[in-house]
Amino acid sequence: ADVAYLRSVLPSSTDEAFFEFLATLDASEVTITAAPEGSVVFARVPFLQVKGPLLVVQLLETTLLCLVNYASLVATNAARFRLLAGPDVKLMEMGLRRAQGPDGALSASKYSYIGGFDCTSNILAGKLYGIPVRGTIAHSFIMSFSSMEEVQPRELPPRAGGDPVDLPGLAVSWLERVCDLLQIPAGKTNQGELAAFVSYAITFPCDFQGLLDTYCVRRSGLPNFCAVALALHQLGYRAIGVRLDSGNLAQQAKEIRGALRACGARFQVPWFGTIPIAVSNDISERSLEELSHEGSDIDMIGVGTHLVTCPLQPSLGCVYKLVEVNGSPCLKLTEDEEKMTIPGVKTIYRLYDAAGHPFMDLMALEEEPSPSAGQEVAIRVLGRLGEATTVVPAVVEPLHRLYFRDGQVCEPLPSLAEVRTHAQVSLKLLSPAHRRLHEPQSYPVAVTERLHRLFLELRQAGQ
């Protein structure tokens, strides 16, 4: 069917033998080596190499680039958010409504998890990939209630067993005590919001959480939540969190934490002051950095638009280049050295210093002997090819593994959780100077002297 479609759209003068040839294509002669999934790979370093018949590997170009570009882009973007947030704050991906279509949204959930996010609001991603799923009560749910009379059912049995209790009545009695403690005028909280909280708590007594900013956080959302959470506590249940979605998130989080601690102290509920606080609201790298600087009252951050659409860099720019044909190395010549290809089939090595940090990636021709730990290596750093220098690595790691040969996957493919772990370990191994997001130290990529000579020979021959 594919060949028939191509026959219908290609020029009528196309040789029929071409279509017959296409029908015989398979991948049995293709070999693919690549850096393991989740590896940190730097600019100019090949992270995937394909060998095989020219036509086949040319047909693979667009597919492979489509598969790796967006995946690497989102995973990298997520890793940047994780570095800014630090290791202790939970990060939730919640970009489903803003992503470029359902496929983009599903991919973003998967690759942001690899990059370091803890969970997703995308239930389908949880089902397909096993990513932990999280979510909170919605503004629209809260706004759909107007009074306590709308709460049905109304009773909730204690967690330890016993006769069901009228939860709306219990929550109202607690609200009076909470308002007195927080010095909020009695009767001024929104009754529809309280009804929504109570209804949600009856349905999910072990997973109750509140969205506090549908009306007014301090005068309504916060006291209503505390009242319902304390009523649940009286029945043996424990609220799991609150969320803010507008306003000055850091300042409001401090105020909420203070109120939760005050309630815990006054009503002798020690865990109340540690109820997790989650925030969202168009979180960007800049706003996340500000939140991180302003305090530690926030336990979870939900990121959507700025994660899945990658506005700081909408595309990765990964390219696919021909470097050898029929055993002869080839070179794309350009006046811009940054855009010149590195010729020949190569082996990539990552060099580590004595502290265990990678300090350079080295490209060598495939037939060259591997550099050895503790031995001096002559190299040329890209961007400074005119300067010969030497380095002595403490550890030498081949970056690529053989994944596909003779039409079969020949390396066990890791689970998503294993890819995520590898990504986080790879990032932690980077030195702080290379890992920082503001003015990082440039990570050097180099070639061996032999590869450099080949480069010069091909460049000279092409001029």
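The values are calculated or read from the model by the stated rules, or taken from the named source; none is laboratory data. Keep in mind that what you see is a predicted model, and the values were worked out from it rather than measured. Virtual Cβ from ideal backbone geometry, glycine too; neighbours counted across all protein chains shown. SASA here: full protein model, heavy atoms, side chains in, ligands and nucleic acids out. Shrake-Rupley method; radii C 1.70, N 1.55, O 1.52, S 1.80 Å.
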All positions within the range 110-143 that are surrounded by 16 or more Cβ atoms within 10 Å (Cβ to Cβ) and among the hydroxyl-bearing types (Ser, Thr, Tyr): 111, 112, 113, 120, 121, 129, 136
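Restricting to the range 198-212, and then to whatever is touching a helix residue (DSSP H, G or I) at 6+ places or on another chain (Cβ under 7 Å) and free of Cβ contacts under 8 Å to residues at least 60 places away in the same chain, can you tell me which residue is nearest to residue 151 (Cα to Cα)? Quick ask: steps written out before the conclusion?
Here is the first cut: in the range 198-212, the ones touching a helix residue (DSSP H, G or I) at 6+ places or on another chain (Cβ under 7 Å) are 198, 201-202, 205, 208, 210-212.
Pick out the ones that are also free of Cβ contacts under 8 Å to residues at least 60 places away in the same chain and you get 198, 201-202, 205, 208, 212.
Numbers: 198: 7, 201: 11, 202: 9, 205: 15, 208: 16, 212: 19 Å.
That would be 198.
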Condition first: within 30 Å of residue 239 (Cβ to Cβ), part of a loop (DSSP other than H, G, I, E, B) and of a type in the set (Phe, Trp, Tyr). Can you find one or more residues in the range 262-279 that meet it? yes
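Name the helices (runs of 4 or more DSSP H) wholly within the range 131-213 that hold at least 2 residues that are within 28 Å of residue 303 (Cβ to Cβ)?
Where helices (runs of 4 or more DSSP H) fall fully within the range 131-213 and carry at least 2 residues being within 28 Å of residue 303 (Cβ to Cβ), they are 139-143, 191-203.
Give the number of residues within the range 279-303 that are among the small types (Gly, Ala, Ser), open to solvent by 10 Å² or more (accessible area, probe 1.4 Å) and within 21 Å of residue 114 (Cα to Cα). If you could, list the steps in order and put the result at the bottom.
Initially, the range 279-303 is screened for residues among the small types (Gly, Ala, Ser), giving 280, 284, 287, 292, 295-296, 302.
Okay, now just the ones that are also open to solvent by 10 Å² or more (accessible area, probe 1.4 Å), so 284, 287, 292, 295-296.
With within 21 Å of residue 114 (Cα to Cα) added as a condition, the list becomes 284.
Here the count works out to 1.
Restricting attention to strands (runs of 3 or more DSSP E) lying wholly within the range 357-463, give those where 2 or more residues are in contact (Cβ under 8 Å) with a residue 60 or more places away in the chain. So that I can check it myself, show each step before the final result.
Working: elements: 358-365, 377-381, 388-391, 395-398, 401-405, 445-448.
By residue number, 358-365, 377-381, 401-405, 445-448.
When you check residue 444 against the structure, is it open to solvent by less than 80 Å² (accessible area, probe 1.4 Å), farther than 18 Å from residue 81 by Cβ and over 22 Å from the mean Cα position of the chain (by Cα), yes or no? Let's see the steps before the verdict.
On the way: open to solvent by less than 80 Å² (accessible area, probe 1.4 Å): yes; farther than 18 Å from residue 81 by Cβ: yes; over 22 Å from the mean Cα position of the chain (by Cα): yes.
Yes, satisfied.
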Residue 334 vs. criteria within 30 Å of residue 461 (Cα to Cα) and touching a residue at least 12 places away in the same chain (Cβ under 8 Å): no
Which condition breaks for residue 100 when tested against (1) open to solvent by 70 Å² or more (accessible area, probe 1.4 Å); (2) of a type outside the set (Gly, Ala, Ser); (3) out of contact with any helix residue (DSSP H, G or I) (no Cβ under 9 Å at 6 or more places or on another chain)? (3)
If you check residue 204 against the conditions, is it of a type in the set (Phe, Trp, Tyr), assigned by the TED database to the domain that holds residue 232 and surrounded by 19 or more Cβ atoms within 10 Å (Cβ to Cβ)? no
Could you identify the single residue in 162, 104, 130, 126 that is within 29 Å of the chain's Cα centre (by Cα) and on the phi > 0 side of the Ramachandran plot? 130
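Are any of the residues in the range 144-159 of a type in the set (A, V, I, L, M), in the same structural domain as residue 230 (by the TED database) and more than 18 Å from residue 203 (Cβ to Cβ)? Walk me through it before giving the result.
Taking the range 144-159 first, the residues of a type in the set (A, V, I, L, M) are 148, 151, 156.
From what's left, in the same structural domain as residue 230 (by the TED database): 148, 151, 156.
Of the ones still in play, those that are also more than 18 Å from residue 203 (Cβ to Cβ) are none.
Looking for residues that are of a type in the set (A, V, I, L, M), in the same structural domain as residue 230 (by the TED database) and more than 18 Å from residue 203 (Cβ to Cβ), one finds none in the range 144-159, hence no.
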Residue list for the range 117-137, filter: in contact with an Asp or Glu (Cβ under 9 Å, 6 or more places away or on another chain) and aliphatic (A, V, I, L, M): 125, 131
Hey, among the residues in the range 304-319 that are more than 17 Å from the chain's Cα centre (by Cα) and modelled with pLDDT of 90 or more, which one's surrounded by the fewest Cβ atoms within 10 Å (Cβ to Cβ)? 319
Could you tell me which residue of the range 214-253 is nearest to the chain's Cα centre (by Cα), considering only residues that are under 23 Å from residue 145 (Cα atoms) and of a type in the set (S, T, N, Q)? 246
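Within the range 171-190, identify whether any single residue is in contact with a Phe, Trp or Tyr (Cβ under 7 Å, 6 or more places away or on another chain), in the same structural domain as residue 262 (by the TED database) and closer than 19 Å to residue 149 by Cβ, and answer yes or no.
Just the residues of the range 171-190 that are in contact with a Phe, Trp or Tyr (Cβ under 7 Å, 6 or more places away or on another chain), to begin with: 190.
This time we only want the ones that are in the same structural domain as residue 262 (by the TED database), so: 190.
Next, from what is left, pick out any that are closer than 19 Å to residue 149 by Cβ: 190.
So far as the range 171-190 goes, yes, one or more of its residues are in contact with a Phe, Trp or Tyr (Cβ under 7 Å, 6 or more places away or on another chain), in the same structural domain as residue 262 (by the TED database) and closer than 19 Å to residue 149 by Cβ.
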